[in-house]
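Heads up: the structure comes next, in structure tokens.
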Amino acid sequence: MSFGLYVHGLVVLPVKLFAATEEHHHRLREIHPVDGGRIRHKRVCEFEGGDRESPYEDVGRGYALSPGEQAVAA
């Protein structure tokens, strides 16, 4: 927090500045409302299928050009 004065002509106003951000210790999680279980997202290739999760090193970024056609961002 910081204190100061705002001067405009003959008018002087006291000013108190506060930080724009704060550290929050509570994280929001996605949950299943029916039973309270956490919702998890897995990195699974849609073509390989199964439950084998892909490591972060094997995950890239891209965007769809048209149905079935994609451009990979380098």
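The values are calculated or read from the model by the stated rules, or taken from the named source; none is laboratory data. As the structure is a computational prediction, the values presented were derived from the model and not from experiment. Because the Cβ atoms are built from the backbone with ideal geometry, glycine has one as well, and the counts that use them run over all protein chains shown.
Only residues that are outside any loop (DSSP other than H, G, I, E, B) and within 30 Å of Ser2 (Cα to Cα) were counted across the stretch 18-56, and they come to 0. Look at the stretch 1-28: where a residue is in contact (Cβ under 8 Å) with a residue 12 or more places away in the chain and a partner is of a type in the set (Phe, Trp, Tyr), sitting 6+ places away or on another chain with Cβ atoms under 8 Å, you get Met1/Phe18; Val15/Phe3; Val15/Tyr6; Lys16/Phe3; Leu17/Phe3. Restricting attention to the stretch 14-31, does a residue exist that is at pLDDT 90 or above, under 27 Å from the mean Cα position of the chain (by Cα) and surrounded by 10 or more Cβ atoms within 10 Å (Cβ to Cβ)? Yes, some residue in the stretch 14-31 is at pLDDT 90 or above, under 27 Å from the mean Cα position of the chain (by Cα) and surrounded by 10 or more Cβ atoms within 10 Å (Cβ to Cβ).
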